[in-house]
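The values are calculated or read from the model by the stated rules, or taken from the named source; none is laboratory data. Quick caveat: nothing in here was measured; it's all calculated off a predicted structure. Every residue, glycine as well, gets a Cβ built from its backbone with ideal geometry; the counts of neighbours run over all protein chains shown.
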């Protein structure tokens, strides 16, 4: 069984690499072609820069993915997990303590190994394409903050879940699922007010007229937004974005200061109307519900497999702790869930189409959103030529050329 799992993982890895190869080859073949709807916004010089940026990002992602995959194979199939698990158990006899130390150790090692990639991406790749505005000090403090917050949350969640396992060995799957669901909702409430401000400075939108207009449009959509804020994203990058955050009465709209510099008020309204569509059409709670149902099923299957006691034998490993076996379960889940990726991507793309249509119906026009998407592509050097199979498998949003084309067609009909 061990060799079957190893071969299956390698086949999945090979398929992922093949998809990436298709995407890059497609870009090299068509990267010089300016889409008709982008002719006024993108010239050959900018298109060449976009292609170079996509290729550079993809190559770095490929190296990072291969490095992570090889480490995972070594950890699971070469016995390193046995050694690491034994070492952790020597440090403490506590069931909960072992689990917390096990997960913290893996997190810290992963963070250290990711440092070279993060440094290269920020200060070489992003710098080369004039996106980076961060400094070594900001990068380092962000690393410490994210690592600190991550370790605290991971410790609390792991300790809470394992305490429930220890207290209720015959029905822990249900209690752990409820605990994790509660944590998910709690973080959606607390993240906008406790975690995000650790990294960015939020302040009320300086353009008062735009802020009032946003509130009016959101009110027409049936959404009450108490705060429209801008964030100093330009301290780290020239990339632009806008998003809704929070849940329930804590919802707020956040605009990157870079976006405010690049977009007209009409275009910003078009983007936010699209985001409002996700809330109004129930995409947020539907995704959350699906995620929790899957998590419930996963907890039940985990309970069954861990009670079976033969999971370590499947991998040809010796006796392992409860937490180490959970890590093996995570590996199995990644194999089983990979073929489902296109289904998740297709569902997400359908939601994006629906949100686009909602924005058109809400604002009464489609041109501002089309112009906003075009500018986002231009400013962020987004790939205009993804391979259809790659986009079908991975893209959570429809390819931007198709989105803009549909919006412009609607504008012509109007």
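In the stretch 24-50, what count of residues is obtained for those that are under 12 Å from residue 381 (Cα atoms), in a helix (DSSP H, G or I) and in contact (Cβ under 8 Å) with a residue 40 or more places away in the chain?
The qualifying residues number 4.
Please enumerate the residues belonging to the stretch 25-63 that are surrounded by fewer than 18 Cβ atoms within 10 Å (Cβ to Cβ) and within 24 Å of residue 114 (Cα to Cα).
52, 55, 56, 57, 58, 59, 60, 61, 62, 63
Within the stretch 221-255, track down each residue that is surrounded by fewer than 19 Cβ atoms within 10 Å (Cβ to Cβ), part of a helix (DSSP H, G or I) and at pLDDT 90 or above.
Within the stretch 221-255, 234, 235 meet the criteria.
Quick one: residue 170 ticks every box in (1) assigned to a helix (DSSP H, G or I); (2) over 23 Å from residue 237 (Cβ atoms) except a single one, so which number is it?
(1)
Here is a list: 303, 285, 279. Which entry is out of contact with any strand residue (DSSP E or B) (no Cβ under 6 Å at 6 or more places or on another chain), modelled with pLDDT of 90 or more and part of a helix (DSSP H, G or I)?
Sole residue among the options that is out of contact with any strand residue (DSSP E or B) (no Cβ under 6 Å at 6 or more places or on another chain), modelled with pLDDT of 90 or more and part of a helix (DSSP H, G or I): 303.
Regarding residue 376, is this residue in a helix (DSSP H, G or I) and either at pLDDT 95 or above or surrounded by fewer than 17 Cβ atoms within 10 Å (Cβ to Cβ) (or both)?
Here the answer is no, as residue 376 does not meet what is asked.
Just give me the residues in the stretch 207-218 being in contact with a helix residue (DSSP H, G or I) (Cβ under 9 Å, 6 or more places away or on another chain) and either surrounded by fewer than 12 Cβ atoms within 10 Å (Cβ to Cβ) or touching a residue at least 60 places away in the same chain (Cβ under 8 Å) (or both), in sequence order.
The answer is 209, 217.
Of 141, 158, which residue is modelled with pLDDT of 95 or more and within 16 Å of residue 236 (Cβ to Cβ)? Let's see the steps before the verdict.
Numbers: 158 fails: within 16 Å of residue 236 (Cβ to Cβ).
From the options 141, 158, the qualifying one is 141.
Which residues, taken from the stretch 7-43, are under 27 Å from the mean Cα position of the chain (by Cα) and farther than 30 Å from residue 375 by Cβ?
Matches in the stretch 7-43: 8, 9, 10, 11, 12, 13, 14, 15, 16, 17, 18, 21.
Please determine, by comparing only the residues of the stretch 196-206 that are in a helix (DSSP H, G or I) and out of contact with any helix residue (DSSP H, G or I) (no Cβ under 7 Å at 6 or more places or on another chain), which one is surrounded by the most Cβ atoms within 10 Å (Cβ to Cβ).
196
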